[in-house]
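Read through the structure below, which is laid out as structure tokens, and then see the notes.
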Amino acid sequence: MSRVAVVTGGTRGIGAAISLALKNAGYQVAANYAGNDEAAKAFHEETGIPVFKWDVSDYSACTEGLARVAAEIGPVDVLVNNAGITRDTMFHKMTPQQWHDVINTNLTGLFNMTHQVWTGMRERSFGRIVNISSINGQKGQMGQVNYSAAKAGDLGFTKALAQEGAAKNITVNAICPGYIGTEMVLAVPEKVLNERIIPQIPVGRLGEPQEIARCVVFLVSDDAGFITGSTLSANGGQLFV
């Protein structure tokens with residue numbers, strides 16, 4: 001029986017590419033989403049991947065959502081924490097709500113999701129967890145104090161939890177994408193993309209969602225069993241760490 005993988009934020013952008021790549025690699029995939037019913041329906045109809053709606057910032061919703069996944073598909077072997085939001089603004093204009101919204105989804109969401117599957121992974125002596133962080137969690141970004149703080153927190157979460165899971169054959173790794181050609185990035189004005197963003201990327205282009213997905217497929221595979229607590233930077237050479 002193939003392994004069960006859950007991808008949060010798994011019906012759009014990078015998450016959709018990850019969900020599809022895992023399905024094509026033989027996993028039984030459950031794609032989580034928070035609010036865009038139309039996009040989720042279209043994704044399901046196109047790929048056949050089952051979709052499940054809940055908010056990763058809500059611990060109880062994660063409990064209920066993952067119980068549905070377990071009942072309909074099976075216990076979770078692979079978890080990809082991809083769901084994320086932005087509430088960008090300069091710090092002196094940032095509201096407490098903008099801070100908490102981003103922290104609760106992009107950082108606390110990792111706890112809410114991972115805490116649900118951790119005991120089962122330990123009992124079965126197998127698990128793969130991949131946390132999608134960001135280049136801006138590594139280097140910071142003006143106007144993204146909330147986002148950068150959350151994504152940097154994801155890396156600390158990854159390194160600490162990897163040490164706890166290693167003896168139980170559970171690996172925990174992170175991927176830090178750079179600028180990827182998703183709907184959100186492509187909404188940036190073309191002039192800004194061409195004059196301010198792409199010139200910072202040594203390979204001279206935006207990344208593709210499928211390139212991040214291929215990183216995930218490797219990290220959750222048996223071939224990557226000796227890799228844990230690591231951060232894979234997929235940013236076209238924009239930042240070396």
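Does any residue of the range 83-104 turn out to be modelled with pLDDT of 95 or more, touching a Pro at 6+ places or on another chain (Cβ under 8 Å) and charged (D, E, K, R)?
no
Conditions first: (1) assigned to a helix (DSSP H, G or I); (2) surrounded by fewer than 20 Cβ atoms within 10 Å (Cβ to Cβ); (3) aromatic (F, W, Y). Y147 passes all but one, so which condition is the exception?
Failed condition: (2).
Between A187, A160, A174, which is closer than 17 Å to L79 by Cα, of a type in the set (A, V, I, L, M, F, W, C) and surrounded by fewer than 16 Cβ atoms within 10 Å (Cβ to Cβ)?
Criteria check complete, one pass: A160.
Take the residues of the range 108-121 that are free of Cβ contacts under 8 Å to residues at least 60 places away in the same chain, touching a strand residue (DSSP E or B) at 6+ places or on another chain (Cβ under 7 Å) and not β-branched (V, I, T): which is surrounded by the fewest Cβ atoms within 10 Å (Cβ to Cβ)?
M121
Search the range 190-209 for residues being buried (at least 17 other Cβ atoms within 10 Å of the Cβ) and not in a loop (DSSP other than H, G, I, E, B), and hand back the single one that is farthest from the chain's Cα centre (by Cα).
Ranking the qualifying residues of the range 190-209, first place goes to L193.
Go over the candidates A152, A166 one by one and state the one that is in contact with a helix residue (DSSP H, G or I) (Cβ under 7 Å, 6 or more places away or on another chain), more than 19 Å from A16 (Cα to Cα) and modelled with pLDDT of 95 or more.
Matching residue, one of A152, A166: A152.
Do we find a residue being more than 23 Å from V188 (Cα to Cα) and either within 17 Å of the chain's Cα centre (by Cα) or small (G, A, S) (or both) anywhere in the range 80-89?
Scanning the range 80-89, I find at least one residue that is more than 23 Å from V188 (Cα to Cα) and either within 17 Å of the chain's Cα centre (by Cα) or small (G, A, S) (or both), so the answer is yes.
Scan the range 182-201 for residues that are without any contact (Cβ under 8 Å) to a residue 40 or more places away in the chain and closer than 18 Å to S134 by Cβ and jot them down.
V185, L186, A187, V188, L193, R196, I197, I198, Q200, I201
Taking the condition farther than 22 Å from V29 by Cβ, in a helix (DSSP H, G or I), without any contact (Cβ under 8 Å) to a residue 12 or more places away in the chain and among the small types (G, A, S), does A160 pass?
The answer is yes for A160.
All but one of (1) part of a loop (DSSP other than H, G, I, E, B); (2) within 13 Å of A17 (Cβ to Cβ); (3) of a type outside the set (S, T, Y) hold for G237; which doesn't?
G237 satisfies all of (1) part of a loop (DSSP other than H, G, I, E, B); (2) within 13 Å of A17 (Cβ to Cβ); (3) of a type outside the set (S, T, Y) except (2).
For the range 59-107, give me each residue that is part of a loop (DSSP other than H, G, I, E, B), among the hydrophobic types (A, V, I, L, M, F, W, C) and surrounded by 14 or more Cβ atoms within 10 Å (Cβ to Cβ).
I73, V76, A83, I85, M94, L107
The values are calculated or read from the model by the stated rules, or taken from the named source; none is laboratory data. Note that the structure is a prediction, hence the values are computed from the model and not measured. Because the Cβ atoms are built from the backbone with ideal geometry, glycine has one as well, and the counts that use them run over all protein chains shown.
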